[in-house]
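Report on one structure; see the data block that follows.
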Amino acid sequence: EPGGGGYVAQRMFSAKDEKNSLLATLWFNVAHYGLRPWPWILTALVAVVIFPRLTEKPGGGYEILNPKPGLALVRDAGDHKILAEESAEGYKIFRQDGNAAPKFIRTMVSPRESYVVLMMTFLPSGLVGLMIAAMAAAFMSTISTHINWGGSYVVKDFYQRFVKPDAPEKHYIHVSWVVSCFVVGCGVMVGAIMKTQTSGWELLLNIGAGTGLVLILRWFWWRVNAWCEVVAMLSSFLISIAFLVLAKNGVHFSTHAALLMTIAFTTVCWVVTAYVGPETDRAVLIAFYQKVRPFGPGWTAVRQEATPVDGWGAKTAGEHIPLALLGWVCGCTMIWSSLFTVGNFLYGRTVYAVSLLFVCLVSGGVLISIINKLWSAPSEAIAPGNGPGA
């Protein structure tokens, strides 16, 4: 979750200070978006070249009607249905009259199988076994992590805290087993509803889009608390599942329309919760402010209460919203230009690659100068009540 969730937060907390955590996160995003995708992209492009799809063309060609292992029904440009037999070279195409010589066309049963087909076609037996073991290990580690993670959330953050706080440890272990089974059952049900792997990615995209705004604004507005996050996650999940069920029953929305509706619905839910739901205890807010020093007008009320306790407020490093926003724009520009710089070099488009590299270096240089400016100046003493947004 490069957007700032638990995965990235754990690594940020291990840095020696805020500036180093920012630089480490910046490098992570460059490596994650600019470098890591290209082995996958190149593999897909190789698959397209080596295993071209059978497509219907005006001058000839073929279209697979029902691709499946073994035999497939194929239609040619003249709308004649032909039986195709799968072979090591691809599909062996036979015309219905049986008089013409068989025609060999290298193709794919499904684009989703391109990585596996390339692996099975070109890797020696030992490496194939190693790759299969690596894929199985990656799958199991991801599944087990999220099952245990879900169980720990429910048991530690909810059940033990609010339902039964004084039970023995053995009791919580048994409850975690039940919760883990429930999580697996929910995953099976959602998987049964989804028609394709793409549906799973779209579901995650919708859920993430709905919760993104609250995860950002929680640092800039004191009213955004745990209840807002819970409501945002539940509402985003429910409306995403609703879109999935509607699609299964023939009611389809485009991806961008579903995203916008999810964001709008989720935002209304958590904003209403921020105003009418329970507030965080004032002492907790003051203690949080004194430790973290969040800046901006959203913390004015808490800042006015916290600074008399401090005696004097302190303008913390990095407290410059316009400059921070400029740094954010430069960071996004650097990440995306690095992605397309690598791609254009690999494609041999030297002019585009050099131009994008220049954009990447310039935006990166501006970003580094902003970081140094924000975190190099010493903190300024500010009279109580005169802080930013007071």
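Some points to look at:
- Kirkwood-type hydrodynamic radius, the stretch 119-168: 13.7 Å, calculated from all non-identical alpha-carbon pairs.
- Shape call, the stretch 170-231: gyration tensor on alpha carbons, a/c limit 1.5: oblate
- Calculation over all alpha carbon pairs of the stretch 110-269 in 10 angstrom steps from 0 returns a P(r) of 9, 25, 30, 24, 10, 2 percent.
- With N as its number of residues, the stretch 243-295 has a Cα radius of gyration that, divided by 2.2 N^0.38 Å, comes to 1.86.
- Chymotrypsin sites (Phe, Trp or Tyr not before Pro) within the stretch 118-157, DSSP loop, no more than 10 other Cβ atoms inside 10 Å: none
- For a paramagnetic label modelled on Glu279 (point 7 Å from Cα along Cα→Cβ), amide N atoms under 19 Å away belong, within the stretch 213-251, to 218-229.
- Semi-axes of the equivalent ellipsoid for the stretch 190-279, computed as √(5λ) from the eigenvalues of its C-alpha gyration tensor and ordered from largest down, come to 27, 11, 11 Å.
- When each of Met131, Met189, Met334 is scored by the number of other beta-carbon atoms lying within 10 Å, the sequence from fewest to most is Met189, Met131, Met334.
Where a number appears in this text, it was derived from the coordinates with a stated rule and is not lab data. Note that this is a predicted model, so its numbers are computed, not measured. Cβ coordinates were reconstructed from backbone atoms using ideal geometry, including for glycine residues, and neighbour counts include every protein chain displayed.
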